[in-house]
Amino acid sequence: MIDMYQEELLDHYKNPRNFGALSNPDIEFNDTNPLCGDEVKVTVRISSDKIQDIKFDSRGCAISVAAASKLSEVLKNKSLSEVKKMDNKEVLELLGVSISPIRLKCALLSLRALQKGIYKMNGKILEE
Ligand code: FES
């Protein structure tokens, strides 16, 4: 039986919010899940050190697409320093379902891509 959270995630997978790419973004970062080769591209527009707009283009499993979609809804108006501090727990809470350790990379793919993009914009590299 599918519960409410699973149903909501399925909807985010089938109708991902903020899907696509921004033109002339301040941040653009492509990342891959090394375990499966699935990809995500994140584009972000920044204003006064906050996320003004964000889009993602994801070629991945249901969890990775749903996580990117849900994240894109809560990230607008967050400051870059807040986003850099976000961790696994926040993404898992947002998803609201239990994720097996092997699917953790799927759930975190879009957040990590965004965080790596922020670090890259500042001339730094975010280690895994
Ligand atoms: Fe590839 Fe989930 S199986 S991102």
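Rule-based calculations on the coordinates, nothing more; no lab input. In this text, all values refer to a predicted model and were calculated from it rather than measured experimentally. Heads up, the Cβs are rebuilt from the backbone with ideal geometry, glycines too, and the neighbour counts pull from every protein chain shown.
Computed from label points 7 Å out along Cα-Cβ, the spacing between Lys89 and Glu73 is 2.3 nm.
For the chain, the relative contact order works out to 27 percent when only alpha carbon pairs closer than 8 Å and six or more residues apart are counted. Here the sum of -39500 (n - 2.57) over DSSP H runs of 4 or more residues, divided by the residues of the chain, equals -13500 deg cm²/dmol at 222 nm, to the nearest 500. The angle between the Cα long axis of helix 62-75 and the main principal axis of the chain comes to about 50°, on a 0 to 90 degree scale. Relative to the longest principal axis of the Cα atoms of the chain, helix 104-121 runs at roughly 10 degrees.
Helix 4-14 and the long axis of the chain differ in direction by around 60°, with both axes built from C-alpha atoms. By the beta-carbon count within 10 Å of each Cβ, the least crowded to most crowded order of Val97, Val42, Val65, Val91, fewest first, is Val97, Val91, Val65, Val42.
Each residue, Met4 and Cys36, gets one label point 7 Å from its Cα in the Cβ direction; the gap between the two is 2.7 nm. Computed on the Cα atoms alone, the convex hull of the chain gives a volume of 101 cubic angstrom per residue.
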